[in-house]
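For reference, the structure discussed in these notes is given below.
Just so it is clear, none of the values below were taken in a lab; they were calculated from the coordinates. Just so we're clear, the structure is a prediction, and the values are computed from it rather than from any experiment. Quick reminder, even Gly has a Cβ in these numbers, built from the backbone with ideal geometry, and neighbours come from all protein chains shown.
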Amino acid sequence: MIGVFSAGFLGMLTIVSTLFVHVVRSEVRRLDEKFLGVGGRFDTIDRRLDAMDRDVQALIRHTFGIDRDE
């Protein structure tokens, strides 16, 4: 009877630990994909800021007459 209980307990322990490892791996993979997505967003924001900086510089040159051939 003790052998049957021990075998059942060991089987349940194996199943629970295997499922736990599976869940942890999938969550880590999901977080990794989220962080990669955030990096892409920063690249997009960086490009937008560069475009805004270029536009502001053009407005300043136009407004204050910098780099004109007058």
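A straight chain from VAL23 to VAL38 at 0.36 nm per residue would run longer than the Cα-Cα distance by 3.1 nm. For the chain, what is the calculated [θ] at 222 nm in deg cm²/dmol (nearest 500), taking -39500 (n - 2.57) for each run of four or more DSSP H residues and dividing by its residue count? Rounded to the nearest 500, the figure is -34000 deg cm²/dmol.
Of the options [x] 2.72; [y] 1.20; [z] 1.28, only one is Cα Rg over 2.2 N^0.38 Å as computed from these coordinates, and that is [x]. Charged side chains reduced to their Cβ positions (Lys and Arg at +1, Asp and Glu at -1) give the stretch 29-70 a dipole of some 400 debye around its Cα centre.
How tilted is helix 2-64 with respect to the longest principal axis of the chain? Cα atoms for both, answer in degrees (0 to 90, nearest 10). The helix 2-64 is inclined about 0 degrees to the chain. The dipole here belongs to the chain: it is taken about the Cα centre, uses +1 on the Cβ of Lys and Arg and -1 on the Cβ of Asp and Glu, and is about 500 debye.
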